[in-house]
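Asks: Encoded as structure tokens, here's the structure I'll be asking about.
The values are calculated or read from the model by the stated rules, or taken from the named source; none is laboratory data. This structure is a prediction, so every number in the text was calculated from the model and none was measured. Glycine gets a Cβ as well: all are built from the backbone with ideal geometry, and neighbour counts include every protein chain shown. These accessible areas exclude ligands, DNA and RNA; they are computed on the full protein's heavy atoms, side chains included. Shrake-Rupley method; radii C 1.70, N 1.55, O 1.52, S 1.80 Å.
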Amino acid sequence: MSKLRHSLPRFICQGATLAAMLLLGAHLFAQSTPLLVDVDHRAATSLDGPWHAIIDPYGNGLYNVDGSINLHGYGENRQPKSKSDLVEYSFAKSPTLRVPGDWNTQRKELLLYEGVVWYEKDFAYAPKPHTRAFLHIGAANYRAYVFVNGAKLCQHEGGFTPFDCDATSALQSGNNFVVIAVDNTRLRDGVPTLKTDWWNYGGLTRDVSLIQVPEKYIDDFDLHLQRGSKTEIAGSVHVQGAGAGEAVVVRIPAAGIVQHATTDASGRAPISIHAPGLELWSPDHPKLYRVEIQAGNDTGHDTLTDEIGFRTIEVRGTEILLNGSPIFLRGVSIHGEAPIRGGRATSDQDDATLLRWAKELGVNFVRLPHYPQGARMMRLADRMGILVWEEAPVYWAIEFDNPQVLAKAQQQLAEIIRRDRDKASVIFWSVANETPVTPARNNFLQAMIASARAQDETRLVTAALLSSRHGNEIQVNDPLGAYLDVVSFNEYAGWYQGTPQEIANIKISSIYQKPLLLSEFGAGAKAGFHTDADTRWSEEYQANVYRQQLQMLRGVANLRGMCPWVLVDFRSPLRELPGIQDFYNRKGLISDQGQKKQAYFVMQKAYLQHTIGNQH
Ligand code: GCB
């Protein structure tokens, strides 16, 4: 047990039943903002680039003294009307911050800043009749309040998922301005909560754009191979604003598919396509099909295109099956941090470097912990043929007994499922990481699992569980395992527990007859620090932990995958040791500056030579 893990607070179930939590969560979620899917394939006006920014440490322009939102604060972007008019802020005179981007790494004095930052941008707009316009925000950490031309449009909580604000009625022909207040103050009842082992990067951290759609538009669709079938595509297309009888067409030209369907009273058209002869997507053959979806008719329609891979993922007994065949997941965990330059990953280039490093390591799988990363990452994984684990930010001990917190967690899970359901690479929804077992937590996570299954019947549901260690036994016995498809667990033998030499004697077992996945193991090392293998922080120590772990893992029955912690050193406020950590978690196989450590090569050899993962 690490020191961190010892400090996790204990929770007492306050009697919230599973059914009550499910109901309340669903109710609260129903009130959230709309969300367009496949936004990166829509024609959009990008609002990326420099935005004027006001640092507002006391939330002076956002909150009234009672904590409510001030609708007449900085969101109005006021200019003095006369020379005697008093206005105590000015966007025009404030310097800019880049969007997308965290504020922490753009100005030295903001590295540790937590609080409110205001963003403002002017843009031109020409309204078209019979259209709607949405402001699409890829992510804003952690709470965001959006104003257009002085009117508050929407707000959103959750730092890693996208949201849309309907700006149709607020926009005018010609010049417009948008103001977004972003507050990254950590909250006890937030998801995640107060303590995380990663940097609380604040700001508009992903792309922002303006999207025009017809009055009736495709806001959601889901097309996937039915579990276990290589020929039947199922799913639905939802047309917002449509009632019964709206025409929908799905085309997959390269497969010769043209499928007509009609919406029901709720605007949803069920899709069922017999598609023999599809080339299935896999890491060896990441085949993507261009899919065209059209709703409406000649007098008015909405068209969306996408690049979709078709594959199945299932569990049979203790095996994980990709397209019907057993697979071992040779993985690595990757935080959403930009290599070399640091800060939040924001570009295709950032993601490409990370996935290239992972691919060179020999992986067919990546775990993207502990929060959803940008959609660019999943697109790239789709193209590169890398399987992906995505995770909701339910980390350590959040307020499991608080139904509002469940609603927040379910909302973020729903947003990410909706965004990434069209990505073949994504095979897991992970509902949590290292959550101490209590009745309240069990109820909470069962509700999360039920949500994931209700929204996506094809992917596997998992969670990174804590394991319990008694002497040389590590047992995976968390009661949540009964509800998961794949039982994943973290263990740090040789780092938080015992010495590397003791690892050889450890036996890992699970009480479940299900696939086991080691979602974390590892050790810290400062790149370039070389000495003997008994000295902490040396590359030799870390490499030794890897050698011993690999040896032990070869003997674990039902092990179907593993994700060393972690590909690259990442910033963390918990890691302070001067000269070694300097606010970086040093468990990377690669340093934050791109230096490969000895352990990288130990792991690479095992993956490339397949000396791990043969225990079928
Ligand atoms: C864990 C956590 C991860 C930490 C890691 C560590 O168990 O899941 O977020 O960063 O250990 O380095 O201690």
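Asks: Condition check: within 16 Å of the ligand (Cβ to nearest atom), part of a strand (DSSP E or B), without any contact (Cβ under 8 Å) to a residue 60 or more places away in the chain and within 22 Å of SER488 (Cα to Cα). Does VAL388 satisfy that?
Replies: No: the conditions fail for VAL388.
Asks: Restricting to the range 172-185, and then to whatever is within 21 Å of ASP48 (Cβ to Cβ) and open to solvent by 20 Å² or more (accessible area, probe 1.4 Å), can you tell me which residue is farthest from the ligand (Cβ to nearest atom)?
Replies: Looking at the filtered set, the residue picked out is ASN175.
Asks: Taking strands (runs of 3 or more DSSP E) that fall entirely within the range 394-473, which contain at least 1 residues that are touching a His at 6+ places or on another chain (Cβ under 6 Å) and touching a residue at least 40 places away in the same chain (Cβ under 8 Å)?
Replies: The strands (runs of 3 or more DSSP E) meeting that bar are 426-433.
Asks: Here is a follow-up. In the range 186-243, how many are surrounded by fewer than 19 Cβ atoms within 10 Å (Cβ to Cβ) and on the phi > 0 side of the Ramachandran plot?
Replies: Count: 2.
Asks: Let me ask something else about it. Are any residues in the range 435-449 buried (at least 24 other Cβ atoms within 10 Å of the Cβ) and closer than 30 Å to VAL363 by Cβ, and if so, which ones?
Replies: Matches in the range 435-449: THR435, LEU445, MET448.
Asks: Of the conditions (1) within 16 Å of the ligand (Cβ to nearest atom); (2) crowded, with 23+ Cβ neighbours inside 10 Å, PRO573 fails just one. Which one is it?
Replies: (2)
Asks: Condition (residue is of a type in the set (D, E, K, R) and under 17 Å from the mean Cα position of the chain (by Cα)) applied to the range 392-405: is it met by at least one residue?
Replies: No - not one qualifying residue is present in the range 392-405.
Asks: List every residue pair whose Cβ atoms sit under 8 Å apart, with the two residues 6 or more apart in sequence or on different chains, where the first one lies in the range 575-592 and is under 22 Å from ALA493 (Cα atoms) and aromatic (Phe, Trp, Tyr) and the second, anywhere, is within 13 Å of the ligand (Cβ to nearest atom) and open to solvent by 30 Å² or more (accessible area, probe 1.4 Å).
Replies: So the pair list comes out as TYR584/ARG571.
Asks: Go through the range 222-270 and count every residue that is of a type outside the set (Asp, Glu) and closer than 14 Å to THR458 by Cβ.
Replies: The number of residues fulfilling the criteria is 12.
Asks: Of the residues that sit in the range 87-131 and are assigned to a strand (DSSP E or B) and β-branched (Val, Ile, Thr), which one is surrounded by the fewest Cβ atoms within 10 Å (Cβ to Cβ)?
Replies: THR131
Asks: Identify all residues within the range 318-351 that are surrounded by fewer than 16 Cβ atoms within 10 Å (Cβ to Cβ), out of contact with any helix residue (DSSP H, G or I) (no Cβ under 6 Å at 6 or more places or on another chain) and more than 28 Å from ALA275 (Cα to Cα); write none if there are none.
Replies: Passing the criteria: ILE340, ARG341, SER347, GLN349.
Asks: Follow-up question, since we're still on this one. Are there any pairs with C-beta distances below 8 angstrom linking a residue in the range 126-137 that is closer than 9 Å to GLU215 by Cα to a residue that is open to solvent by 70 Å² or more (accessible area, probe 1.4 Å), with the two at least 6 apart or on different chains, and if so which?
Replies: Close Cβ pairs satisfying both conditions: HIS130/GLU215; THR131/GLU215; ARG132/GLU215.
Asks: A further question follows. Give the residues of the range 190-222 that are outside any strand (DSSP E or B), away from the ligand (no atom under 16 Å from the Cβ) and closer than 26 Å to ARG421 by Cβ, sorted by residue number.
Replies: Matches in the range 190-222: GLY190, THR205, ARG206, ASP207, GLU215, LYS216.
Asks: Output the residues belonging to the range 463-481 that are open to solvent by 10 Å² or more (accessible area, probe 1.4 Å) and within 16 Å of the ligand (Cβ to nearest atom).
Replies: LEU466, SER467, SER468, ARG469
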